[in-house]
Amino acid sequence: MSDYYELLGVSRQASAEEIKKAYRKKARQLHPDVAGPGHEEEFKEVQVAYSVLSDEEKRQTYDLGGEDALRGGGGFPPGFSGDFSDLGGIFQTFFGGGGSRGPASRARRGQDGLVAVQVSLADVAFGATKTVPIDTYVTCTTCGGSCCAPGTEPVTCSQCNGQGSVQRVQRSFLGSVMTSSPCPTCQGFGTVIVTPCKDCDGEGRKHVRKDIEVNVPAGVSTGTRIRMSGRGEAGVAGGPAGDLYVVVEEQPHPTLERQGDDLRTELRVPMTAAALGASFPVETLDGERSVSVRPGTQSGDDIRLDGLGVGRLRRSGRGNLYVTVVVETPTKLSERQEELLKELAALRGEDGFAPVEEEGFFDRLKGSKTKGKNRRKR
């Protein structure tokens, strides 16, 4: 019973790459063109060993039970034909070359495009259609993407007879090896364009600058990408177009601040209006609305206006508008106004405080010098 690891000269812990290298070395040594006659059986054994150890499932089975675990009624493992007549194909796989796959297609998919669109807060609140200029490729209208001048068509390559590849037989120490490579005349396409289209230089597409219409859905925000399938660059030689991605750039609003689907704004009211209550106009994306400030409203209180926010992305409805009240305290009072406020304070029992005396220029200057001395002492 042969030990497959010993046949290849590797350990049982050898990696797949080590097994492959060992097999190549053995195969070169035992090939009939190198070793001469009398080594056919040994060469077959090396082939069998490699067919098992290079297959992960078969290798596990072999490690558990040896050759007996692999036998399927014959001397070779299941799936191994034992046919060594096509040695050229085996060595072609490991030492270069490749089979012919037929002519390649000239058509290639166009590249994806990326463009930015600037939108206003109203655009993202309600959705909008924007016109965006782009630089891109479009299918040539003269040749329709065929790359050929009108009235002409590609002709079959005379060197490869339309196969797209040429095969050569090369002699080596391993024997005759068949190699295949793209045809140098047609570059692997199998046909030659004798008269290319002059308008697109035989590419089947032209570079243009054009405007496109972009549907901006409600609820998008800065950084959102809108995919427009098939609106990217046209492909070469009539190939499919790529996709166009439109990146949203939301512009700030002068009075409204967006927070997700909601909006916020400020309403500045006099102290008397906050105390007594009043109605004020507020600008919204839906036009001017009247807001009622209830008596006793404090600075920082929010007033909610339902459904006046931003449209929700991929959902129905809109967010809300929150109006934050900012109560403005008067800074300059006339003598009469001061008297009335003092009277109000007395009536409310809020007059038990020491009045604040305003500092003059020299008092402020003296205070700044004192602070400076204190800092130096520390």
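The values are calculated or read from the model by the stated rules, or taken from the named source; none is laboratory data. Since the model is a prediction, treat every value here as computed from it, not as a measurement. Surface areas here come from the heavy atoms of the whole protein model, side chains and all, with no ligands, DNA or RNA. Shrake-Rupley method; radii C 1.70, N 1.55, O 1.52, S 1.80 Å.
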Worksheet, complete the sentence: Karplus ³J(HN,Hα) for the stretch 268-274 (6.51 cos²θ - 1.76 cosθ + 1.60, θ = phi - 60°; Hz, whole; x = Gly/Pro) runs 8, 10, x, 4, 5, 5, 5
Response to the item:
Once T195, T179, T141 are ranked on solvent-accessible area with the largest value leading and a 1.4 Å probe, the list reads T141, T195, T179
Worksheet item: Quick one: Karplus J couplings for the stretch 51-56, per residue in order, coefficients 6.51, -1.76, 1.60, θ = phi - 60°, nearest Hz, x for Gly and Pro?
Response: 4, 7, 6, 7, 9, 4
Worksheet item: Given H placed on each backbone N at 1.01 Å, which residues far from I303 in sequence or on other chains put an amide H within less than 5 Å of it?
Response: V323, T324, V325
Worksheet item: So for D63, D243, what's the accessible-area order with a 1.4 Å probe, most first?
Response: D63, D243
Response to the item:
Sorted by chain and then number, the residues having a modelled amide H within less than 5 Å of the amide H of V216, at least 5 places away or on another chain, are A128, T129, K130
Practice prompt. List the residues whose amide H sits under 5 Å from the amide H of V310, counting only those 5 or more places along or on another chain, with H placed 1.01 Å from N in the peptide plane.
Written response: D262, L263, G319, N320
